[in-house]
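Since every read-out is calculated from the coordinates, none of them should be taken as a lab result. Computed from a predicted structure; not experimentally measured.
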Amino acid sequence: MLAMLSAAKRRRLADHGKPLLASNVRGIIHCMECRRPRCIFSINKPLASDALAAFMATAANYTCGTALSVDGFVVRENLDCTAPVETVYYLCSRVRGGMQFEHVCVWCAKDPVQSPHVDKADLDVREGKEPLPLCKLCHERGLMPLVVKDCVASMDVMDDASDDSWDAPTDGAASTCMHTMQRSGA
C-alpha cells in the first residue's frame, strides 16, 4: 500500500508524530545545496549545548529532505530545496523562551543586507494576516508572501512606529496566541 502513495504523501507521513512545533525548535541547520535554514526540533531541551553541537556535527553535509534523527533531535523530512523557509522558523520567537533567528526572505533565504526586504505595508495581504519576510528580488519575480495569523495587532504589543518592522514580539501574550495557533492548525 505504501508504494501506491504519492511521493508528497510519503514525505508528509515521514514527519507524522514528530515534535515539529515552534516551542520545540532548538536550533537551525543550513542546507548545503540551497542554503535555506531548516529547524532542528526536540521535545526535550538539551541539558548541555554539547548535545546540539554533536547533532550538528553529524549533519555537516545536510541537504533538504535528508532523514536526520539523532539523540532526540529531528529535522523535518518533507522538505526539498524548492520549499520556502519553514513558518516555525519565524514563529518560534513568539513562544516564551523561543529561539530568535535572523529574519531572512521566506523564498530565497537572503537577509536584508543581501537583498532588502519589502515593507509589510507594501504587500497586499488580507486584514488579520501577517506576511513573512519577502525580499524585493523575490517580490519582483512575482512570488507572493506567505502569511500567518496576525496575533500581534490585536494585543497592542508593537507601537505605531514599528508596524512595518519584520521583528517579532517575544512577550508572553504572543506565546499564548502562538499556542492557540498551533492547536487550531493555523
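For Gly27, the residues 5 or more places off, or on other chains, whose built amide H falls under 5 Å of its own are Ile40.
Stokes-Einstein diffusion for the range 64-140, with the hydrodynamic radius set to the Kirkwood value over Cα pairs and evaluated at 4 °C in a medium of 1.567 mPa s, equals 91 µm²/s.
The string of couplings for the range 74-90 from the Karplus curve (6.51, -1.76, 1.60, θ = phi - 60°) is 9, 10, 4, 8, 7, 10, 10, 5, 8, 6, x, 4, 4, 4, 5, 4, 7 Hz, one whole number per residue in order, with x for Gly and Pro.
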